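To start, the structure under review is shown below, and the notes come after it.
Throughout, read-outs are computed from the coordinates displayed, never taken from laboratory work. Quick caveat, the model's predicted, so the values are computed rather than measured. Reconstructed Cβ throughout: ideal geometry from the backbone, glycine too, with neighbour counts over all protein chains shown.
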Amino acid sequence: MAYVINGGDKPSAKFHHFVDLCCQAFNVVRKHGNLLLNLFGLMASSGISGVTMDAVRYIQRSLLLELTNAEAAAMFARMIQSSLKSWFTQFNFFLHNLAQLRFTGDHNDGELLSFVPRTYSMAQEGRLQSVEVYGYQKRYDPGKYYVYILRVQRVSQTDPSYLFRSYKEFVEFQQKLCIHFPLAKCYSLQSTSLHVGRSNIKQVAEKRRVDIKRFLTSLFKMADEICHSDLVYTFFHPLLRDQQEASIHEAKLKERKKERAINSESWRLRGELRLSVHYQRGILMVMVHHARELPAVPNGQEPSTYVKVYLLPDPHKQTKRKTKVVRRSCHPSFMEMLEYRMPLEIVQHRILQATVWNHDPLQENEFLGGISLPLESLDLSQETLQWYSLGNVHR
């Protein structure tokens, strides 16, 4: 059914509609649960063949009458997701992943880097005299991350030039060096990229600055055919973004160039998030249903997404809640209930912020968009269910 509804093996917004209809139908049945139980109870006491009190108790358990409609819908949606995880489905996904490894791998043969459009050489650029880490800057474009400022001195130039490279770009550079020069012993950045916990904080940035410094020192101690190879000169080639950067003395840049912000939002910040909000029995219930039309990540794959929710203001992040990660889907279905046990008079003065993120186990999680919803604008005594357009939000 899922294959037919989706028109293939990839999740779609059509399947979201199917899940929603199933959950609505389940709640319609639950609404008349007592009537159904009474009817089956009469049937069981009348001695009708095949209808026993055990059957009545089974129906009572299945109707989940102790749950609210939103809680029951979440449970029913999880049952649908569970039914999709049969051995056949997993085997099919395994074959699909093998095909992905074979046909969508990195085909950048030669010495090109993913962020540099062509190859450069020492003859074109001028011989490198020295490269050192000048510092680093915190950026918000739109997610928080750090870039490292490199001071590059060439033999043919009187004044140094300054380049801006991310840690992820350094890791790619080091990996390409290992591929092209497998016998060369260069300081490894790979182990430090496997950072457990938050990696976009100053302490991690400082540690990585030291690692990059050691990497550069080991690089330029190698033979000329390595440290002055085309790959090295391609990495240290000044890009257009290097010429457009702001002051190298600023420690934090909260806004980027207007053109870059426009370009960033044009492909990153799109899609919608479906939420329901309801206050009942002293609990604010935020149901995260689905997201749709999310962008692919830079490597062309569909994102592995999760949703993070806060009730602002929250300086100590005590209201942080997260959903599970849904792998490889531009139309993820979460169907998770997030609860806050707070008095109504406090809840009404909070702003619900929900952000969507792409989960990357090796690198920074990528911000895909978010919403800010003032709860005072809602009638919390009634369930509010709506699709919200994702955009940039202050984090």
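With Cα atoms defining each centre, segment 205-244 and segment 299-318 are spaced 33 Å apart in the structure.
Note on segment 21-79: Rg/Rh from C-alpha atoms, Kirkwood Rh, equals 1.04.
Which distance in Å, rounded to a whole number, links the C-alpha centroids of segment 342-358 and segment 123-184? Centre-to-centre distance over Cα atoms comes out at 41 Å. Applying 0.36 nm per residue to the separation of D379 and H349 and subtracting their alpha-carbon distance, the gain on full extension is 9.5 nm. Most tightly packed first, judged by the mean number of other beta-carbon atoms within 10 Å of their residues, the peptides 303-309, 151-157 read 303-309, 151-157.
Between R61 and N392, the FRET efficiency from the beta-carbon distance, with R0 = 51 Å, is close to 0.65.
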